[in-house]
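This report concerns only the one structure given below.
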Amino acid sequence: MGVIGLGVGTLAAYGRSGDTVRFYEINPRVTAAAHSYFSYLADSPATIEIAQGDARLLMQQELDAHGSQRFDAIMVDAFSGDAIPMHLMTREALALYRQHLLPTGVIAFHISNRYLNLAPVVKRLADDAGMQAVRVRFEPVTGNLKLEHDSEYVLLTRNERFLQDPVVRERGEIIDAGGVTTWTDDHSNLLAALRWTARP
């Protein structure tokens, strides 16, 4: 699995023996904090790799030097803040991810964001690339006390077997891209993605 955005390394906990999880992280301070204050990376039974630098540049360099990484899944987890790296959510970025993905693979965009509704943007990218897209949301509530944050993902794939999985069919939602245009390296429209009332 390739993961764009390390955070504290939580996704390493999903790795199993024999798996490789390769993180791409632009900020060396994030990498240092993940190693110093959290144990997800050290405790994972998977092989953990961290590539330091801008994910698109690194993935292009890897492709040019060694060919495809042939990931089963790519997680793009860099859009939770109020200043998103838009170059990771364009036609050209998706084309690069697909070159590193197995034909049966899945690209998961983590799009939880208080200020931006990014599901239509990713749906339009999927349409443009001839891929299927489904949204999956998790809203944890225990009684009247909310213990965790909501999370929202859009899964892109050409794998019909994956899309027919009972869990995906139960939790997956159709996305309306509306009038959103395809974001490219030369053109994007952040205003069209704004939530005019921020999510709590």
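The values are calculated or read from the model by the stated rules, or taken from the named source; none is laboratory data. Everything numeric in this text was worked out from a predicted model, so none of it was measured. So basically every Cβ, Gly included, is an ideal-geometry build from the backbone, and we count neighbours across all protein chains shown.
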Practice task
Tell me which residues, restricted to the stretch 172-192, are modelled with pLDDT under 95, farther than 18 Å from ASP128 by Cα and under 19 Å from the mean Cα position of the chain (by Cα).
Solution key: LEU190
Fill in the blank from the handout: Note on ARG199: of the conditions (1) at pLDDT below 85; (2) under 24 Å from PRO85 (Cβ atoms); (3) in contact with a strand residue (DSSP E or B) (Cβ under 9 Å, 6 or more places away or on another chain), unmet is (3)
Handout entry: Hits in the stretch 95-124 - residues which are in a helix (DSSP H, G or I) and either farther than 24 Å from VAL21 by Cβ or in contact with a Pro (Cβ under 7 Å, 6 or more places away or on another chain) (or both)
Key = ALA119, PRO120, VAL121, LYS123, ARG124
Handout entry: Residue among TYR97, TYR115 that is within 25 Å of ASP54 (Cβ to Cβ), modelled with pLDDT of 95 or more and among the hydroxyl-bearing types (Ser, Thr, Tyr)
Key = TYR97
Practice task
Could you run through the stretch 1-52 and say how many residues are among the basic types (Lys, Arg) and more than 17 Å from the chain's Cα centre (by Cα)?
Solution key: 2
Fill in the blank from the handout: Within the stretch 65-82, the residues that are of a type in the set (S, T, N, Q) and within 22 Å of ASN113 (Cα to Cα) are SER80
Handout entry: Matching residues in the stretch 185-200 - criterion: being in a loop (DSSP other than H, G, I, E, B) and either surrounded by 15 or more Cβ atoms within 10 Å (Cβ to Cβ) or not β-branched (Val, Ile, Thr) (or both)
Key = ASP185, ASP186, HIS187, SER188, ASN189, LEU190, ARG195, TRP196, ALA198, ARG199, PRO200
Fill in the blank from the handout: Among residues of the stretch 94-117 being under 25 Å from ASP150 (Cβ atoms) and small (Gly, Ala, Ser), the residue surrounded by the most Cβ atoms within 10 Å (Cβ to Cβ) is ALA108
Practice task
May I ask you to verify whether LEU41 is surrounded by 13 or more Cβ atoms within 10 Å (Cβ to Cβ) and under 27 Å from ALA193 (Cα atoms)?
Solution key: no
Handout entry: Where a residue in the stretch 58-84 is hydroxyl-bearing (Ser, Thr, Tyr) and modelled with pLDDT of 95 or more and its partner, wherever it lies, is surrounded by fewer than 17 Cβ atoms within 10 Å (Cβ to Cβ) and not in a loop (DSSP other than H, G, I, E, B), with Cβ under 8 Å and at least six apart
Key = SER68/GLN99
Exercise for the section: List every residue pair whose Cβ atoms sit under 8 Å apart, with the two residues 6 or more apart in sequence or on different chains, where the first one lies in the stretch 139-160 and is surrounded by 12 or more Cβ atoms within 10 Å (Cβ to Cβ) and the second, anywhere, is at pLDDT below 70. Expected result: ASP150/ARG199
